[in-house]
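Asks: Quick one: this structure, given as structure tokens, is what I'll be asking you about.
The values are calculated or read from the model by the stated rules, or taken from the named source; none is laboratory data. Because the structure is predicted, anything quoted here is derived from the model rather than measured. Cβ placement follows ideal geometry from the backbone for every residue including glycine, while neighbour counts extend to all protein chains displayed. Heavy atoms of the whole protein, side chains included, go into the accessibility calculation; ligands, DNA and RNA do not. Shrake-Rupley method; radii C 1.70, N 1.55, O 1.52, S 1.80 Å.
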Amino acid sequence: MLRSEYTNLSVVDIREGLNAGNFSAKEIADASLSCIDALDAGVVDAFLSTTPMLAYEAAEKLDTNSAKSAQVKAGILAGVPIAFKDNMNLMGTHTTCASKMLADYISPYTATCVAKTLAAGAIPMGKLNMDEFAFGSSTETSAFKLTRNPWDLERVPGGSSGGSVAAVASGMVTVALGSDTGGSIRQPAAFCGVVGFKPTYGVVSRYGVVAFGSSLDQVGPIGRSVADVAITTDAICGRDPLDCTSQDVNPGYYNSVLAAQQKGIKGMKIGVVPEYLEAPGIEREVVKALKGAIANLQELGAQIVDVSLPNAQAALAAYYVIGPCEAFSNLSRFDSVRYGNKNDVVQTAATDLGSRYEQARAHGFGPEAIRRIMLGSYLLSSGVYNTYYYPAQQVRTLITKDYQQAFEQVDVILAPVSPRTAFKFGEVGDPTSMYLSDIFTIPINIAGNGGLSLPVGLGEDSGLPVAVQIIGPQFGDYAIMRAAAALEQCYPDIRRIAPLMDSLNASANGLKSPERGVA
Amino acid sequence: MKDLQTVLREWEAVIGLEVHTELTTLNTKMFCSCKIEFGALPNTHVCPVCLGLPGALPVPNKAAIQSIVLAGLATNCKIQKRSMFYRKNYFYPDMSKNFQTTQGPIAFCMDGWLSLDVNGNAAKERVDVVANKSADSSCQQGGQQNCQLAAVATQTSLGYSTHIGITRIHMEEDAGKMIHVGGTDGRITGSDYSLVDYNRCGTPLIELVTEPDLRTPEEARLFLQKLRSIYLTLGISDCSMEEGSLRCDGNVSLRKRGSSKLGVKTELKNMNSFKNLHDGLAYEICRQAEVLENGGTVAQETRHWEPANKRTVSMRVKETADDYRLFPEPDLAPYDLSDEFVEKCRARLPELPDAKAKRYFDDYEVAASDAMNLAADVELSAFFDDALLNIKNNEKTEGLATPCQALAQPIANMLLNDVVAYLNSNNLLIGDTQLTAAAICELAELRVRDAISSKQAKEVLMMLAKDGGSANAIVNELGIEQVSDASELETVIDTILAQFPEKVEQYRGGKLGLMGFFVGQAMKETKGQGNPQLLNKILSEKLDASEA
């Protein structure tokens, strides 16, 4: 039996219902698992592994009457079914990064961000599919399975956190954690019509999250409302002694949401980059959505200001230097000595250490991973380093300055997330076109700022979710929350759970899915 | 092959050292909080960070940064306010992440130097010592100014002094240890399988690189000894070459005397003792000379010193420079050292061996070479300082005009000769013995007063080392205090001379050998405690005087 009446609830509703005794944590875990049973395998395929044992353990902790239970129940994510991108370590679970290289790897420790959600009372449902080592924008590079967009099963969910957004958009979990190196939270969130937030670099600890581009990676939440995302950010943010790039930031994201919902955003200055509306390859419905959002913000009393980001166009080039360089080095450890050594080909074909490395890496990594590793290896080699890596870092400084200057004039910047809506499997074949799908998200990672993808309805032409991106100044993510929460209120009727649920719910138990989207 | 002396007359050896030192006195590793312990069960001091597990991140150990700043200050380096960690990428199973976190072009410590005094036999390897024109001694003993030319040997009273530039000292992490099972030579090639112990992985390591300013194997040995005593004095490492916490590689090339062009260098590894460092370099210099004199060329390669066979063998030929794809470590922000931090480190600097030796020499009149030897040994010099303090605080020694000066050299002699021999043969540190500073002061005083013979002093010293106690008490108990009272000895001698008148006659008749007989009689009479020098003196006076 599907129990989506629970999994469709908001974070606040779940916590309050649980604490009021309206339902038990076990009921929530049951509901989430039955949703996963009905919708995942062969349909959405968002999960790489589920963790029912851990889920019931967490639920039992919430449901048992004890001092400890009271403590967890008071947590801001109490009873919330959550799942994690499969590059996040959770002790005792497989952490594969959707790569054959880590097919047999079981985490002996837990990532800080994961631990923080569990400490806040969340119920862990499992690990989610992704592009291999987060290299991709469609989740098609996963070595294990394709994840489908719940809005149209023939389309990609976006990537690399495709599993995370698909699980949330189909109602299998309430929130999920993803990671965003060049748009990997925001772009799939836009493709699947949910809210995805990449905080400023340093807001969330990266400890325990398998690194892709260390200076670009940031963990963030995916949810069906700005409030859910803000509360989850409150749970995971802050300085971690185990990550010296993490910063001492205060939780206060949800308070910003409440403040905007109550007081509005009259007088807030919203920056718009005029060139973005005429960017090459941008779809008409994306432009229309952006213009609609601008009109709505004006109606809310915000002031629209044109801003210029002259160097942002170089971001893609800098990103495809810095990202592969860091990835090359981060992925060196996957060499078959301790990871990926169960491959028979490796065992038999290798004659010495060098050939073992070659065999193992040639068989263990998929084509996109190999492409990036080779690119990074080349870009860092002596003689080449000064031509690419060093200028890329200089470009990075310039782009960061662009944003700093823009934020002297405005509180947030409104931009597209992706030039287009979700595409079909195999539709974007060549890597360069795939890379171009991240042109509006990558500059934010290069500069280190925060960005949020907010769904603003379905495209007129495609009928697929369209979103806008709200970008904030470094460590000014509270402003993003305010703008997003206010703008969200202009779209009261859009649904955040794909219609997929309705038919399945109807066929399963004749129940009509409650229109629980978000007010 | 020609011997070193002969080779060095024709050829100038140009030697640079790379010295790796594990900061073993720290409690935890460089980027995680795992314990540092030599000889622990394999893979018991490991965590996600030092195992390089996917997702783990480094956090720098501040105490390690303090240690490297101390090392830099003690070797006259310029401390860099802003430096960065880099990733050095290479594949090997002992490197858990397949990259080593190290430093880039700017290390914490840059551009330092040490002066080197080469004395006695060690000075003989150097053929181009120049006379000291300036007679300026202010640059010695840790002086601030850098007033000597690098690598030039300037004559001193005991040998010569030279000046070794230090390029940099950088911070990095150590790799794990591999054990290759099966095969014949313990190498990975030919082994059945290999085991990896990651306990050592992530141990903080500082690497000091010298300029190519060393010219003889002795200088290399003395430089490493001096550096070791500085590090030991700073307390930043146990510097055990045996256990590998101090490791030294050497780069050496030859050029014809008078030429300023550098020759092709080889890199020498596996020189895990001071003797091996010297002998390895000496062999390699002679080998290169033979190659060159036969019209050949030296291959740029890494060579392995085999102490058992007394030769170096080629490990691998370097056709191209290794490409480590060095780039800034993105998981660690650039490191900014505050002035306050550096000054705090400077305030923590202990008295360094050069300054200590100068103090022993200037203030306590200890012979220069003894002062240097004492100062180089952390435990011995601390004990010596205790002894000096004891003398200053002890009222009983007021009888001596300058008790510290009077007793310092005898104490130094006892420490450097008998005590060091005892420690070495029993494999002990001075702190492991029962000998106290007070006891050695008493003993020195007994000797200076001539109350006991040097042979007796040595016996008492050994008893003090084994069983402790006071020197005075032992001497009293054994009743061995020397009779040095002249009037007492005179009475004894008068009795003997009166007892053997015919022997006195024979002596005076020219049978001078009878002196031994009289001394023997006197010793018998004083139960062996008569001061032999004094007895001799009085006897000669009496026998010769009567003759006149």
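Asks: If you find the alpha carbon centre of segment B:414-432 and of segment B:433-497, how far apart are they in angstrom?
Replies: 21
Asks: If ligands, DNA and RNA are left out, what is the accessible area of residue B:90 with a 1.4 Å probe, given in Å² to the nearest 10?
Replies: Its accessible surface works out to 60 Å², give or take rounding.
Asks: Where does the charge balance sit around residue A:451 when Lys and Arg score +1, Asp and Glu -1, over other residues with C-beta under 12 Å from its C-beta?
Replies: That works out to -1.
Asks: Please arrange B:211, B:10 by accessible surface area, largest first, computed with a 1.4 Å probe and ligands excluded.
Replies: Output order, biggest surface exposure first: B:10, B:211.
Asks: Hey, what do the phi angles of segment A:414-430 turn into as Karplus ³J(HN,Hα) couplings, whole Hz, using 6.51/-1.76/1.60 and θ = phi - 60°, x for Gly and Pro?
Replies: 3J(HN,Hα) across segment A:414-430, in whole Hz: 9, 8, x, 8, 10, x, 8, 8, 3, 9, 7, 4, x, 5, 9, x, 7.
Asks: Rank B:170, A:363 by accessible area, highest first, at a 1.4 Å probe radius?
Replies: Largest accessible area first, the list is A:363, B:170.
Asks: Please work out the Cα center distance from segment A:163-228 to segment A:484-498, rounded to the nearest Å.
Replies: So the separation of the two Cα centres works out to 18 Å.
Asks: Give a residue-ordered list of calculated ³J(HN,Hα) values for segment A:378-395 (Karplus: 6.51 cos²θ - 1.76 cosθ + 1.60, θ = phi - 60°; whole Hz; x for Gly, Pro).
Replies: Those phi angles translate into 5, 5, 8, 5, 5, x, 9, 3, 5, 7, 10, 4, 5, x, 4, 5, 5, 4 Hz.
Asks: Would you give the gap between the C-alpha center of segment A:93-117 and the C-alpha center of segment B:189-250, rounded to a whole Å?
Replies: Here the answer is 38 Å between Cα centres.
Asks: May I pose another question? Could you rank B:495, B:266 by how accessible they are, 1.4 Å probe, largest area first?
Replies: B:495, B:266
Asks: May I ask which of B:503/B:527; B:269/B:466; B:124/B:269 have a Cα-Cα span longer than 29 Å here?
Replies: Checking Cα-Cα distances, B:269/B:466 exceed 29 Å.
Asks: Can you list residues whose amide H is under 5 Å from residue A:92's amide H, if they're 5+ apart or on another chain and H is modeled 1.01 Å from N?
Replies: Distant-sequence amide H within range of residue A:92: A:107, A:109.
Asks: Taking amide hydrogens as modeled 1.01 Å from N in the peptide plane, which residues meet the under 5 Å criterion relative to residue B:335, leaving out close sequence neighbours?
Replies: Excluding prolines and chain starts, which carry no amide H, the hits are B:83, B:84, B:85.
Asks: Turning to a different aspect of this structure: Between residue A:494 and residue A:351, how many nm apart are label points set 7 Å from Cα along the C-beta direction?
Replies: Those two pseudo-labels are separated by 6.0 nm.
Asks: Out of residues 5 or more away from residue A:269 or on other chains, whose amide H comes under 5 Å of its own, with H placed 1.01 Å from N in the peptide plane?
Replies: Here the answer is A:303, A:411, A:412, since their amide H atoms fall under 5 Å of that of residue A:269.
Asks: What total accessible area, in Å², is buried where chains B and A meet, using a 1.4 Å probe and rounding to the nearest 100?
Replies: Buried area (both sides, nearest 100 Å²): 2700 Å².
Asks: Quick one: with all protein chains in place, what share of the accessible area of the protein assembly as shown is carbon or sulfur, to the nearest percent (1.4 Å probe)?
Replies: Of the solvent-accessible surface of the protein assembly as shown, carbon and sulfur hold 52 percent.
Asks: In nm, what is the difference between 0.36 nm times the number of residues separating residue A:291 and residue A:404 and their Cα-Cα distance?
Replies: This chain segment gains 38.2 nm when fully extended.
Asks: Another question about this same structure. Looking only at other chains, what is the average number of their beta-carbon atoms within 10 angstrom of each beta-carbon in B:450-461?
Replies: For this peptide, the per-residue mean of nearby foreign Cβ atoms is 0.
Asks: Hey, got a sec? Which GluC sites (Glu not before Pro) in segment B:155-256 land in a DSSP loop and have at most 15 other Cβ atoms within 10 Å?
Replies: Answer by residue number: B:242, B:243.
Asks: Here is a follow-up. If you take every residue apart from residue A:315 with its C-beta less than 14 Å away from the C-beta of residue A:315, what net charge results, scoring Lys and Arg +1 and Asp and Glu -1?
Replies: -1
Asks: I'd like the accessible area for residue B:455: 1.4 Å probe, protein heavy atoms, all chains in place, Å² to the nearest 10.
Replies: It works out to around 140 Å².
Asks: Run the numbers on segment A:310-342: which residues show a drop of 40 Å² or more in accessible area, chain on its own versus all protein chains together, using a 1.4 Å probe over heavy atoms?
Replies: In segment A:310-342, residues shielded by partner chains: A:328, A:329, A:332, A:333, A:338.
Asks: Also, quick follow-up: I'd like to check one number: the per residue accessible area of the protein assembly as shown, probe 1.4 Å, reported in Å² as a whole number.
Replies: 40
Asks: Residues of segment B:35-76 losing 50 Å² or more of accessible area relative to the isolated chain, 1.4 Å probe, heavy atoms only?
Replies: B:53, B:54, B:55, B:57, B:59
Asks: Sticking with this structure for a sec: What figure in square angstrom, to the nearest 10, would you give for the accessible area of residue A:151 with a 1.4 Å probe?
Replies: 40
Asks: While we're looking at this one, here's another question. Go through segment A:326-335 residue by residue and turn each phi into a ³J(HN,Hα) via Karplus (6.51, -1.76, 1.60, θ = phi - 60°); whole Hz please, and just put x for glycine and proline.
Replies: Running phi through 6.51 cos²θ - 1.76 cosθ + 1.60 with θ = phi - 60° gives 5, 5, 3, 6, 4, 8, 4, 5, 8, 10 Hz.
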